[in-house]
Amino acid sequence: MISGGGPGVMEAANKGAFLGRSPSIGLNIDLPQEQPSNQYQDISLRFKHFFARKVMFVKFATAYVVLPGGFGTLDELFEALTLVQTGKTRGMPIILMHSPFWRGMIDWLRERLAGEGMIDPGDVDLLQVIDEPQRVVDAIFSFYEKRGFQPSPAEHEVLLNL
């Protein structure tokens, strides 16, 4: 499991993996208002630049589960969404949790971006909004049960050239 390595929900995610059966990885960023790394990381990597950190998130992701956050969260979400939408990385579930937080953005994407032809209407469907943790897990497994767990040859090639 990979998170941003900071406090709050990132720490909770790392703690769950750290105490469970998954490696816990934190991709920490050096910021002027220093964000402390949480203590629940088997592997802790530090980045000076956001672009390098975002590449690491996308390169190794098999799903994006995004909780409410600020500019950094939105930046990482739209980076992943754009790369999936353009085929520059493998298709994967992109799941937003806590529907009241995301509802306005989803409406805006449909009404403004899709409605004005800036994106295809189906691009909004790359996002799923799910509130219950078990449904998130089920959605991820359902995605891979339908398409297979291994990257296709084309996806493998894309990942080599990310």
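Odds and ends about this structure:
- Asp125 fulfils the conditions (1) over 16 Å from the mean Cα position of the chain (by Cα); (2) under 21 Å from Glu76 (Cα atoms); (3) surrounded by fewer than 12 Cβ atoms within 10 Å (Cβ to Cβ) except for a single criterion, (1).
- Among the residues of the stretch 76-90, the one identified as of a type in the set (Gly, Ala, Ser) and either surrounded by 16 or more Cβ atoms within 10 Å (Cβ to Cβ) or not assigned by TED's automatic domain parsing to the domain that holds Val137 (or both) is Ala80.
- Every residue from the stretch 82-121 that is at pLDDT 95 or above and among the small types (Gly, Ala, Ser): Ser99, Gly104, Ala114, Gly115, Gly117
- A count restricted to the stretch 128-148 and to residues that are over 18 Å from the mean Cα position of the chain (by Cα) and either in contact (Cβ under 8 Å) with a residue 12 or more places away in the chain or outside the structural domain of Gln85 (by TED's automatic domain parsing) (or both) stands at 1.
- Ile119 being assigned by TED's automatic domain parsing to the domain that holds Lys59 and in a strand (DSSP E or B): no
- For the stretch 133-151, the condition of being in a helix (DSSP H, G or I), surrounded by 13 or more Cβ atoms within 10 Å (Cβ to Cβ) and touching a helix residue (DSSP H, G or I) at 6+ places or on another chain (Cβ under 7 Å) holds for none of the residues.
- Taken over the stretch 20-53, residues that are more than 14 Å from Ser3 (Cβ to Cβ), of a type in the set (A, V, I, L, M) and not in a loop (DSSP other than H, G, I, E, B) amount to 1.
- Subset of the stretch 60-75 that is closer than 11 Å to Ile2 by Cβ and surrounded by 14 or more Cβ atoms within 10 Å (Cβ to Cβ) - its residue that is modelled with the lowest pLDDT: Ala61
- The stretch 32-59, residues that are over 12 Å from the mean Cα position of the chain (by Cα), surrounded by 12 or more Cβ atoms within 10 Å (Cβ to Cβ) and modelled with pLDDT under 90: Gln35
The values are calculated or read from the model by the stated rules, or taken from the named source; none is laboratory data. As the structure is a prediction and not an experimental result, all values here were calculated from the model. Heads up, the Cβs are rebuilt from the backbone with ideal geometry, glycines too, and the neighbour counts pull from every protein chain shown.
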